[in-house]
1. Quick one: how many residues across the stretch A:237-268 are of a type in the set (Ser, Thr, Tyr), open to solvent by 40 Å² or more (accessible area, probe 1.4 Å) and part of a loop (DSSP other than H, G, I, E, B)?
2. Restrict the check to the stretch B:149-156 and report whether at least one residue is touching a Ser or Thr at 6+ places or on another chain (Cβ under 6 Å), more than 14 Å from every other protein chain (Cβ to nearest Cβ), open to solvent by less than 10 Å² (accessible area, probe 1.4 Å) and closer than 23 Å to B:Leu237 by Cβ.
3. If I go through the stretch A:310-340 residue by residue, how many of them are assigned to a strand (DSSP E or B) and within 14 Å of another protein chain (Cβ to nearest Cβ)?
4. Restricting attention to the stretch B:111-122, which residues are within 9 Å of another protein chain (Cβ to nearest Cβ) and either small (Gly, Ala, Ser) or open to solvent by 10 Å² or more (accessible area, probe 1.4 Å) (or both)?
5. Evaluate the following for A:Ala574: is it at the interface with chain B (Cβ under 8 Å from one of its Cβ atoms), free of Cβ contacts under 8 Å to residues at least 24 places away in the same chain and out of contact with any strand residue (DSSP E or B) (no Cβ under 7 Å at 6 or more places or on another chain)?
6. Is there a residue being over 30 Å from B:Gly32 (Cβ atoms) and either surrounded by 20 or more Cβ atoms within 10 Å (Cβ to Cβ) or aliphatic (A, V, I, L, M) (or both) anywhere in the stretch B:286-299?
7. State whether the residues of the stretch B:368-385 include one that is within 14 Å of another protein chain (Cβ to nearest Cβ), assigned to a loop (DSSP other than H, G, I, E, B), open to solvent by 10 Å² or more (accessible area, probe 1.4 Å) and not hydroxyl-bearing (Ser, Thr, Tyr).
8. What number of residues within the stretch A:64-110 are among the polar types (S, T, N, Q), more than 11 Å from chain B (Cβ to nearest Cβ) and more than 17 Å from A:Arg19 (Cα to Cα)?
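The values are calculated or read from the model by the stated rules, or taken from the named source; none is laboratory data. Being a predicted model, the structure only gives us computed values, none of them experimental. Don't worry about glycine lacking a Cβ; one is built from the backbone with ideal geometry, like all the others, and counts go over all protein chains shown. Ligands, DNA and RNA are stripped out before the accessible areas are found, and what is left, the full protein with its side chains, is counted by its heavy atoms. Shrake-Rupley method; radii C 1.70, N 1.55, O 1.52, S 1.80 Å.
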Protein chains: 2
Amino acid sequence: MSLDASLLPNLRNIATRLRIESIRATTAAGSGHPTSCQSAADLAAALFFAEMRFDPHNPQHPLADRMVMSKGHAAPLLYALWAEAGFIPLERLTDLRLFSSDLEGHPTPRLPFVDVATGSLGQGLAAGVGSALNARRIGADYRTYVLLGDGETAEGSVWEAASVGHLFKLDSLCAIVDVNGLGQSRATELDHDMEAHRARWQAFGWHAVVIDGHDMPQVLAAYDEARSTKGRPTAILARTQKGKGVSFTEAKPNWHGKAMKPEEATRAYAELEAQLVQETRPMPPIPAPPPVPSPEKPGSMPPPEYKLGDLVATREAYGTAIAKLAGVDPRVVALDADVKNSTFSERFEAAHPERFYQVFIAEQVMIGAAMGLAARGAVPFPSTFAAFLTRAADFIRMAAISGVNVKLAGSHAGVSIGEDGPSQMALEDFALTTAQPNFTVLYPADAVATEKLIDQMARHHGPMYMRTSRPKTPVIYANSEAFPIGGLKVVRSSDADTATVVAAGVTLFEALKAHEALATEGIHIRVIDLYSIQPIDAAALIAAGKATRRLFTVEDHYKAGGIGDAVARAVASAGLAVTRLAVSEIPRSGKPDELIDKYGLSARAIADAVRQP
Amino acid sequence: MSLDASLLPNLRNIATRLRIESIRATTAAGSGHPTSCQSAADLAAALFFAEMRFDPHNPQHPLADRMVMSKGHAAPLLYALWAEAGFIPLERLTDLRLFSSDLEGHPTPRLPFVDVATGSLGQGLAAGVGSALNARRIGADYRTYVLLGDGETAEGSVWEAASVGHLFKLDSLCAIVDVNGLGQSRATELDHDMEAHRARWQAFGWHAVVIDGHDMPQVLAAYDEARSTKGRPTAILARTQKGKGVSFTEAKPNWHGKAMKPEEATRAYAELEAQLVQETRPMPPIPAPPPVPSPEKPGSMPPPEYKLGDLVATREAYGTAIAKLAGVDPRVVALDADVKNSTFSERFEAAHPERFYQVFIAEQVMIGAAMGLAARGAVPFPSTFAAFLTRAADFIRMAAISGVNVKLAGSHAGVSIGEDGPSQMALEDFALTTAQPNFTVLYPADAVATEKLIDQMARHHGPMYMRTSRPKTPVIYANSEAFPIGGLKVVRSSDADTATVVAAGVTLFEALKAHEALATEGIHIRVIDLYSIQPIDAAALIAAGKATRRLFTVEDHYKAGGIGDAVARAVASAGLAVTRLAVSEIPRSGKPDELIDKYGLSARAIADAVRQP
């Protein structure tokens, strides 16, 4: 909306109240970042009460404009905004940072108006890209605003998001940079050099508007300009003062992340209250978004159509499966970082080009945009080489904290990729993902398991990771086989078993070969396909361990943080110990089979281990 | 140097030979990226044989110009360059990608001319920043060149490095972007839009030069211009064709990462050999760097000066220790991402400002630059909140593959940070670092241990990580106590012990309180301070486990991938199981003590666990 000038006093008073409440809450908590709230208060007041269209009583309205607080340490400002809007009772704001309150130190989706957790700087714009892509996906005209600090624009992830925002011509996306010129420990790199900021955003294809972030008419005009700019996103670069509005904090260093003492706060309230001005008429209500549409309905995925014994790499089965899934579920989207012909996500692109997002070699924005898409109702499958998901490890961490519905897939894992060498071999992907307690971690061994697990991933909410493999492996499961999350498959078993070998993915086939070889010597082993690493079927593992006395794990992963550790955790309560076959040094280039053997994961190595008394 | 025009035929022939050898090697290997070598061959030939100053027989010469192959998939080109220079026998190039050869699929420091492993795109420029900072540190005039692909400039890490290169006015640093316009799966985002490339580099403060990367005089002039540009780094943006020089690959899609079949290679050789031209005189020798200087000598660090019972946060002891270390060791440098007043690295800055590098909020370049510094002889201590090291997880992965001498430190770990909430709590830092088999992982509980371990970190080569804590903890060790890497401390022990509690960092003090509380009930527990998590003293843990029968771990980390798993791996061979007390859900804001208790890490929780039969 374009605001009637007669409402400027109201807006200015809202900004002042936001400052007061930010100080009040942080002083009550005894910690927090009041001065980071003070700099952005005018920008935020104008955004919420003179620009955005939303339902103050239904923050998750699917067609409402979105605001991502990328500078998550300004959480008290965000909470004060929703109190001003009427969603949070004003008196609750001083519960900030209490264990009993959802008003955490940095925003998390425990609060319904938070789409993704922030507080790790430089992540919000990627989520904003995802939110804007989702608007396009569902044909909605909601707008997405991301409030950033100037300091966080030093993060490369911001420029990945900027590039992708331009690439997709996301004119519904608006970045608001609160250039207060002060970081945590000193002045920011660019300080108040607004032209340096402008040059960067323009070079990345954005419409850039430089304003005084405390001049309300300039702020309102900038939002107008952003809304009317078509074909590219807009960055509003707002020159502000940290600690604005209070004489002893305004533009003062050494106030970052410090709550005012009660006596300081009292002085601040007095100064701020003196800034309240006469209003001439009441604020009109916040414009409502269109009615809530009916929810998107996923259909049922038909069963896979593989033949036992067919040689199909699970990465290929992955591409087939997500394309098939998208055919029955309109929420499903895929993202690629320029490896679609290796991960086979190109099959998704061929079938559903309008829901396939090519972000180029930029894994952080791939995961961050997926988080934003998921938060707004899509079911995103971002994929790349598993090794390169580590580039987005901090986004994965924040996806876990957000509990958001992202479905990561990583291909080309382990030494079994062969000649490309260690830089391309994910050997710590399970360590990275299983560390997050709410992550589901899956590792199918054949094409049927892959397709069934993709179906499971879409049906269950929450952050998930699937590892796929480069080498072709035979189809060993019938198309009718079920693969519930949290299950496992006992693929070889007899009453004479004296050991259990827990394998997954490519090592399952080594375990099966070891089973055969040992059987000729009269040694019988149980073989388990641990396709669900987290959650894990502890009861079945304990039962196998007790029945066969010895437990071995074999995995194409480093020894720490992988399948061996997961199994050991699962069976610890039964007092069982686990012998782990895993990669225990930095590997090198070589042929896949050669490496599988050199690093002790082969049928030969498994049989040798089992033969030990 | 500025090349005599009469040598242009020689350079052109070198470029042609580099193309031939890149194809020959990849065809012999049956995999690899010949066309990515072909596009950069002219740039590389001119760089090595008409620009750089180095010793072809001593690639690690400390004063030689450096070349970082950021586009690591062009490894065959790099190897062909060193063969052309005489360091690698030509006939060895076809050993590419064999397990028996150090000529891996992507370059690693197993080869003496490789400073840091590449192959995860977007990392080389950060290493180049580190290399250039090191030149300044040692007062050398060597130059650092980084060869990038255009596709990898989509990685945000490139822009972090660009920003820091400009910030430090690194005019000895030169980025060469091989803009061949083709990524792996399709055209790059910017294709051959050279002006879009130029705008980005200029906006980040670089001198940008756009050239035809196959026009040898233009290439030479660009190197001249880069060398004579002062006060800022130069980016040479070279328009090239992927697959250059061979009719059926030049500017053709679908050739990324594909070796030519032998018959295709034969055709390619014929085409390329026809491009060889008459030379008029022999190439002069490569200009030699100055004589090798005598090595830098570290002195001995005086013992710490703490008093038993003093309350000192280990993060504070860290700041004190690195400042003290730098006083006796000229190799030591520190890097910060704008949290120096939280990590206490500001004490280093105060004492040694010339060796303190503020990169602002950009963790990837912080670790990447540290890698480059380390590869050139510095001993870098980059530090930030432990949670934000995950932002650089892929750099940490590549640091491990590089085996480089970086000393990471992460503060504010775990739920014990309290009110700031989960986004600021590192709870997966051990999972991330212990996964790397060659990483040393340390976690001191008091100030003495911190200082002694900092000393150990500097004395031992290799990638290391130290976790420090936010809360103040009492000094419990005498200043004379030794803390060898790979050791542990048995801090409470009696013959009556019926359980061992392995703790570290903040949980050690909970374990000590539990020890006291249980003793009043006649229950005796052994308490171990596991300050060295990797390597780990397996023998001592097994001995304690056997002596006390029950093993508990308690850690301010998620359950997966942390101390519990590390201990369990260490004692598995003895058939011992481990009961793990750890954070098992996504935590929330609250007071430190409250969270320690709510998530089951407190003295009360430990005592309860021990009391279970």
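1. 1
2. Checked against the condition, which is being touching a Ser or Thr at 6+ places or on another chain (Cβ under 6 Å), more than 14 Å from every other protein chain (Cβ to nearest Cβ), open to solvent by less than 10 Å² (accessible area, probe 1.4 Å) and closer than 23 Å to B:Leu237 by Cβ, the stretch B:149-156 yields no hits at all.
3. Step one: of the stretch A:310-340, the residues assigned to a strand (DSSP E or B) are A:311-313, A:332-336.
Remaining after also requiring within 14 Å of another protein chain (Cβ to nearest Cβ): A:334-336.
Result for the stretch A:310-340: 3.
4. B:Ala117, B:Gly119, B:Ser120, B:Leu121, B:Gly122, listed by residue number.
5. Numbers: at the interface with chain B (Cβ under 8 Å from one of its Cβ atoms): yes; free of Cβ contacts under 8 Å to residues at least 24 places away in the same chain: no; out of contact with any strand residue (DSSP E or B) (no Cβ under 7 Å at 6 or more places or on another chain): yes.
In short, no.
6. For the stretch B:286-299, residues over 30 Å from B:Gly32 (Cβ atoms) and either surrounded by 20 or more Cβ atoms within 10 Å (Cβ to Cβ) or aliphatic (A, V, I, L, M) (or both): present.
7. Checked against the condition, which is being within 14 Å of another protein chain (Cβ to nearest Cβ), assigned to a loop (DSSP other than H, G, I, E, B), open to solvent by 10 Å² or more (accessible area, probe 1.4 Å) and not hydroxyl-bearing (Ser, Thr, Tyr), the stretch B:368-385 yields no hits at all.
8. Counting residues in the stretch A:64-110 that are among the polar types (S, T, N, Q), more than 11 Å from chain B (Cβ to nearest Cβ) and more than 17 Å from A:Arg19 (Cα to Cα) gives 1.
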